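Participant: Provided herewith is a single structure, encoded as C-alpha cells, for subsequent inquiry.
Bear in mind that the values in this text are calculations on the coordinates, not laboratory data. In this text the structure is predicted, and so the values were computed from the model without any measurement. Methodologically, a virtual Cβ is constructed for each residue, glycine included, from the backbone with ideal geometry; neighbour enumeration extends over all protein chains shown.
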C-alpha cells in the first residue's frame, strides 16, 4: 500500500517518524509531504524520511495565510502524482487533499482551540483520532485513545535516552540546567493568544540563573539574551528531547514541549493565555497528576520554579508520577501502524473507542500527587 503523511510543523515529524519507518520496513511505499516551517525539514533529513516540500512559511500568521492557495495547489499536485491509498494529517491540508483525490484520510488532532480547522477538515475524514482527554465532540467518526500524540515518540517502549547529551551541551555531569522554551505564536490556533513578554523573560532568566544554567530555545529567534545569565540551545533540534529528559525544569509559553517534558518525567511550568477555565484537556489532566504547573504570570513561574530547583527529591517524585501515568497509555506508533494497515477503518481496533464511550483512566491516589 501507499501512505501519505502531512508534516506541517516539527511536532508532526516526531508524531509520524517511527510509523513511517515501520511501514517502509513492511514493504509499503510512504511519502511525507512537508511544510518548510522552522526546523521541519531539518528533522526530516536527520531521520532520513522520504519527503517532498509543498510550501514554506515563517512564524508570522500573515505568512501562512498569504501562501495557502499555492500550498494547496502544490500539495494536491504532489499527492496526485504519488497516488496514495491513505492520507494522514492533522487538519485542512490532509483532509482537503484526500477529498480532492477521493482518498480516505485519518486526522490525528489534539488541539481543542483550533475550532475553525476542525470545522473545515473533520467532515472529510474517514476517522478522527484524539487523546481521551480531548473534551470536544468532533462527530460520528471521532475516536479516542489513551494517551497523547507525544506517546508516538516518547512512550517508554519507543524513546531511548541519549547518554552523551550533557557532553554535547558542554555541561558538567551534575550541573543543573533549565530549558526556557519560547513560542512564536504563528499558527492558526494561536490567533489572539500571547505568551511571555520580554520583561517576563528577563525576570525569569535572572532569577532562575541563580540556581541553574538557563538554555533558551526560541522559536521566533527574536529573544534578546544580551546581558542575561543564559545561552541559546544551539544543538540540532532532533536532540531537544534528550536535553529535555536531563533538564531539572522546563519553563515554556508553548504547548507541545510541556507535554513532552511530562512524558519524560521532567517538571514543567507552562504560562500563556490558553491557561484558564477553558484550558485544553491534556494540560488539565497533566496538572491533576502533578506532572506540570499551569500558571498565568511570570511571578507565578518563579514562585513554582525556585522550590523545584532547590528540592532534593524532585527527580524521584516526577519519575514515579510519570511511570504511573504512562502505565495506562498506548504506544501510539503501533496504533498508527494498525490504523494504516486497516486503511483507516478503526472500528475493530481495541485501543480506540468512540468519543464519549470511554473515560480517561483514573490513577490510584497512592501513585499520584496524594501519594507523594
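Participant: By how many nm would the segment from residue 197 to residue 173 grow when fully extended, if each residue of separation counts as 0.36 nm and the alpha-carbon distance is taken off?
Facilitator: Gain on extension, residue 197 to residue 173, equals 5.4 nm.
Participant: Quick one: if you stick a label point 7 Å off each Cα along the C-beta vector at residue 77 and residue 288, how many nm between them?
Facilitator: 4.9
Participant: Considering every Cα-Cα pair within the chain, what fraction, in whole percent, is farther apart than 39 Å?
Facilitator: Considering the chain, 13 percent of its Cα-Cα pairs are separated by more than 39 Å.
Participant: Under 13 Å from a label point 7 Å along Cα→Cβ of residue 48: give me every residue in region 15-37 with its amide N that close.
Facilitator: It comes to 21, 25, nothing else.
Participant: Mind checking the full-extension length gain between residue 220 and residue 323? Use 0.36 nm per residue of separation minus the Cα-Cα distance, one decimal, nm.
Facilitator: Here the answer is 33.7 nm.
Participant: Given 0.36 nm per residue, what is the gain on full extension from residue 70 to residue 25 after removing their alpha carbon distance, in nm?
Facilitator: The span from residue 70 to residue 25 would gain 12.9 nm if fully extended.
Participant: If one takes the longest principal axis of the Cα atoms in the chain, at what angle in degrees, from 0 to 90 and to the nearest 10, does the Cα axis of helix 92-101 lie?
Facilitator: With both axes taken from Cα atoms, the answer is about 10 degrees.
Participant: Using only the alpha-carbon atoms, how far is helix 198-208 inclined from the longest principal axis of the chain? Give it as 0 to 90 degrees, nearest 10.
Facilitator: Between the helix axis and the principal axis of the chain, the angle is about 60 degrees.
Participant: Using a Gaussian network model of the chain whose springs link C-alpha atoms within less than 10 Å, name the residue from 91, 147, 209 with the highest mean-square fluctuation.
Facilitator: Looking only at 91, 147, 209, the biggest GNM fluctuation is shown by 209.
Participant: Further question on the same structure: Sorted by mean Cβ packing within 10 Å, highest first, what order do the peptides 83-90, 12-19, 231-238 take?
Facilitator: Listed from highest to lowest mean packing, they are 12-19, 83-90, 231-238.
Participant: Pairing the Cα long axis of helix 314-326 with the longest principal axis of the chain, what angle in degrees results, from 0 to 90 and rounded to the nearest 10?
Facilitator: Helix 314-326 sits at roughly 20 degrees to that axis.
Participant: Further question on the same structure: As a test of the formula, what do you get for the chain when each DSSP H run with n ≥ 4 contributes -39,500 (n - 2.57) and the sum is divided by the residue count, at 222 nm and rounded to the nearest 500 deg cm²/dmol?
Facilitator: -11500 deg cm²/dmol
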